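The values are calculated or read from the model by the stated rules, or taken from the named source; none is laboratory data. No experiment lies behind these values; they were computed from the predicted model shown. Because the Cβ atoms are built from the backbone with ideal geometry, glycine has one as well, and the counts that use them run over all protein chains shown. With ligands, DNA and RNA removed, areas are computed over all heavy atoms of the protein, side chains included. Shrake-Rupley method; radii C 1.70, N 1.55, O 1.52, S 1.80 Å.
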Amino acid sequence: MFQFFFSRAYCTNNIRRKWKEFEKTLGCAEEGHPSVGDPDWASYTLGVFICLSCSGIHRNIPQVSKVKSVRLDAWDEAQVEFLASHGNDAARARFESKVPSFYYRPTPSDCQLLREQWIRAKYERQEFIYPEKQEPYSAGYREGFLWKRGRDNGQFLSRKFVLTEREGALKYFNRNDAKEPKAVMKIEHLNATFQPAKIGHPHGLQVTYLKDNSTRNIFIYHEDGKEIVDWFNALRAARFHYLQVAFPGASDADLVPKLSRNYLKEGYMEKTGPKQTEGFRKRWFTMDDRRLMYFKDPLDAFARGEVFIGSKESGYTVLHGFPPSTQGHHWPHGITIVTPDRKFLFACETESDQREWVAAFQKAVDRPMLPQEYAVEAHFKHKP
């Protein structure tokens, strides 16, 4: 809580001066942490400070939120009084009082859709005040139609999807009347991450799962933003409840980071074969936790190959550059990953790409391996 001192001739300079006193601790109400974003805006109907990006979303729900610039707009006494008597903490206490542990809270780096639906869920639909409004993603069962990209022809076609926590699976069906699903994706090995740029749709969601211990990708979207975000949070809920059973002693704080994950890094590099005598070929690479996968096309269903990146304690090292005799690469910035069995060579087009990839690899190498990751490593070593 804070106080403003003003007269009837309240002006922008006064609120600007008082705002400077609090901006180090307030932050943006939608991003959860002090000093995150640039909260130079405020909703004078909700009583919260917000950053420029979130202010645009608030403006799209004028029936709920009316926004002004703290620094540029004029404020009257009633508006300032309302802002002074509320604030970010009070708004969170009310509008986020019943956020489920599994519900995804967007960060500043997340796509526009996640940020927009978080704000609409909070203020417009008030889902975190009234738990009964959370049923679309908390009931343990969900079915509906999503547009899915075909594995072979690349066309998006409407497919029926069913998520059932009781069976621990997400299924999809090629025909509406089909009795058997085309695919069954076990919740245990499933991940979902929004990929609007890659998929070419603002609501694009990439779902990955393990099939015969290899990664399988499917790409889906729904025209309604709320629908696809509800599917995303339903998948996270199913993962959460599975992990609660699998790890009964773990706290919610331990489990939530495991519900879904964004990729550490994606992009094009060149690669050569195990004998390092063939030419380098351009491939799309995805770094998913410790799995480095490469694809001919970013929207391929299956990876052409996968590389396990273990820890330095297990003999893994990341180096800038190539061994001296390396030939056949077109891009100049090399990376060598040393594993206990062989060296992997990659070439980046720019120095900044090289730095980002090295940082992603180093992050995995510096992290000690978990017991279950040794089993994954062993599988990679014995792949045909």
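Taking the criterion of being open to solvent by 40 Å² or more (accessible area, probe 1.4 Å), of a type in the set (S, T, N, Q) and in a loop (DSSP other than H, G, I, E, B), the residues of the stretch 44-79 that qualify are T45, N60, Q63. Take the residues of the stretch 94-117 that are open to solvent by less than 20 Å² (accessible area, probe 1.4 Å) and among the hydrophobic types (A, V, I, L, M, F, W, C): which is farthest from Q195 (Cα to Cα)? Within the stretch 94-117, the match that is farthest from Q195 (Cα to Cα) is F95. The set of residues in the stretch 67-123 being charged (D, E, K, R) and modelled with pLDDT of 90 or more consists of K68, R92, R94, E96, K98, R105, D110, R115, E116, R120, K122. With respect to the stated conditions, G225 fails to be in the same structural domain as E356 (by the TED database) and either surrounded by fewer than 14 Cβ atoms within 10 Å (Cβ to Cβ) or touching a residue at least 12 places away in the same chain (Cβ under 8 Å) (or both). Filtering R149, R115 for residues that are touching an Asp or Glu at 6+ places or on another chain (Cβ under 8 Å) and in contact (Cβ under 8 Å) with a residue 24 or more places away in the chain leaves a single hit, R115.
Per-residue answers, yes or no, for (1) free of Cβ contacts under 8 Å to residues at least 40 places away in the same chain; (2) open to solvent by 80 Å² or more (accessible area, probe 1.4 Å):
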residue	(1), (2)
Q206	yes, no
Y209	yes, no
S214	no, no
Y221	no, no
F232	no, no
A253	yes, no
P257	yes, yes
N262	no, yes
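Residues in the stretch 307-333 that are in contact (Cβ under 8 Å) with a residue 60 or more places away in the chain and open to solvent by 20 Å² or more (accessible area, probe 1.4 Å): S314, H330, W331. Among the residues of the stretch 339-358 satisfying the criterion of being modelled with pLDDT of 95 or more and open to solvent by 60 Å² or more (accessible area, probe 1.4 Å), which is nearest to the chain's Cα centre (by Cα)? By that ranking, first place goes to E356. Of the residues making up the stretch 163-181, just one is part of a loop (DSSP other than H, G, I, E, B), within 13 Å of E143 (Cβ to Cβ) and either in contact with a helix residue (DSSP H, G or I) (Cβ under 7 Å, 6 or more places away or on another chain) or not assigned by the TED database to the domain that holds V207 (or both), namely E165.
What about T336, is it more than 26 Å from I187 (Cβ to Cβ) and open to solvent by less than 20 Å² (accessible area, probe 1.4 Å)?
yes
Where residues in the stretch 152-166 are farther than 20 Å from H203 by Cβ and free of Cβ contacts under 8 Å to residues at least 24 places away in the same chain, which of them is surrounded by the fewest Cβ atoms within 10 Å (Cβ to Cβ)? Looking at residues that are farther than 20 Å from H203 by Cβ and free of Cβ contacts under 8 Å to residues at least 24 places away in the same chain, I get D152.
Set side by side, the residues A169, A139, A91, A183 differ, and just one is surrounded by 14 or more Cβ atoms within 10 Å (Cβ to Cβ), out of contact with any Pro (no Cβ under 8 Å at 6 or more places or on another chain) and farther than 25 Å from Y263 by Cβ, which is A91.
Of the numbered criteria (1) surrounded by 15 or more Cβ atoms within 10 Å (Cβ to Cβ); (2) over 16 Å from F361 (Cα atoms), the one K275 fails is (1).
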